[in-house]
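These notes concern the structure reproduced below.
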Amino acid sequence: MMNELFNGARLKEARYYNSLSITQLANKLSISKQMVSKYENGKSSPRPEIMFGIMKVLGFPKEFFYGKYKKRLYTNGTFYRSLLTSTQKQKAPSDVVMRASTIYRDFLENYVEFPETVKYAFDEQDPEVAASLLRQKWGLGSNPISNMMNLLEKHGFTIILLPERMEKVSAFGSNRIIENRKYYTIAVDKQSSFFKQQFSLAHELGHWIMHADSWNPEDLENSEYRKMEQQANNFAAAFLLPKNLFIRDVTGVKKLDDIFEKKKVWYSSGAAIIQRMRQLGLIDDNYYLRLQKQISYRHLRKVEPFDQDASYMLKSPSLLRRATELVVDSGIVSASELPKKIQQMYGVMYPNRLLESLALLPYGYFDFAEGNNVENLLKINTNRS
């Protein structure tokens, strides 16, 4: 590392991850914003005392700021559930998180056999049809889906939880390609309810099946993006609340409290159920507005009945954690050496805390060499060189 030059682009990455502007970082370092700009644009390198301050403020190791990525990683864009209302600052950490999670997943793929993510060529833009076809391919029938998180991980999707600094973004999904290996990563808000989480995951699945290989969201006009967002919403509704069985189950259900009871059947929010009932003609626009007024009057817009019930707790992803534990407990790479191994292979040293947050590993996991020898259902990959 000592022979490597300071990489200003890495400073920008770390600043973005911390949701800091150039001025904010400059103030924390007690230097001018012009100097920070020079560092980021490769026109100057920080002195040792400034480098120490950068490490302390941003929480990244010195090694992160030197060297270049050894493998080509690119994307065709990220789908945000709130692209039109979120600021760039609120979305800035996402690219860093997505890049890190892709590199982490690709590293683990060297040793672990992950479930394969099969992309079906539906050539279908009708959300209702696409949802039905995917249910058939995945053997779900019309049964309610009790755990979208588990279902997506079972099919090889990388799921991570959003950093708290991105509280204005409820979810996003992105195709990332590294050395011709494609990964679709979905990030979801860890502060929402289980029922909202279900819809967010289904929404991002809709983008994957209908849009991810065809469109870069950054190239779209706002009206085009709104159309895709609505398509993803319609897909999520059709996937979670399949038409025929849903109609049979809720026909005749009118009272708001009875509708909320259906959350326990369909594992979906009351808002999603009401919207689906309206979409399928089970209630008309006037009755829909009547229900909305009741929801507002009873202050149920943000927190619905059963949202805080212990039986419906938020789900947490486990695929990256289980894969990491398998590698460590099998003695392939020790926990303390794993971040260094990533640096050797990919040219980037991520903070231990960042990797722990991606895999939901306990604080300090990578600070020690020992594993915990728990049973793991994943298998060692003996095929990839």
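The values are calculated or read from the model by the stated rules, or taken from the named source; none is laboratory data. This structure is a prediction, so every number in the text was calculated from the model and none was measured. In this analysis, Cβ positions are derived from the backbone assuming ideal geometry, glycine residues included, and neighbour counts consider all displayed protein chains.
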| Search result, residues across the stretch 149-166 that are under 13 Å from the mean Cα position of the chain (by Cα) and either at pLDDT below 90 or closer than 18 Å to LEU354 by Cβ (or both) | THR158, ILE159, ILE160, LEU161, LEU162, PRO163, GLU164, MET166
| message | Residues that are at pLDDT below 95 and touching a Pro at 6+ places or on another chain (Cβ under 8 Å): does the stretch 56-76 have at least one? | response | no
| note | Reported set for the stretch 300-333 where residues are closer than 24 Å to LYS264 by Cβ and surrounded by fewer than 16 Cβ atoms within 10 Å (Cβ to Cβ) is ARG301, LYS302, VAL303, GLN308, ASP309, ALA310, SER311, MET313, SER316
| field | Selection status of PHE194, closer than 29 Å to LEU161 by Cβ and more than 27 Å from the chain's Cα centre (by Cα) | value | no
| Regarding ASP284, is this residue modelled with pLDDT under 95 and of a type in the set (D, E, K, R)? | no
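Residues that are under 29 Å from LEU151 (Cα atoms): list the helices (runs of 4 or more DSSP H) wholly contained in the stretch 254-366 that include at least 1 such residues. Step through it out loud before you land on a result.
Working: elements: 256-261, 263-266, 270-279, 285-297, 319-329, 338-346, 352-359.
It comes to 256-261, 263-266, 270-279, 319-329, 338-346, 352-359.
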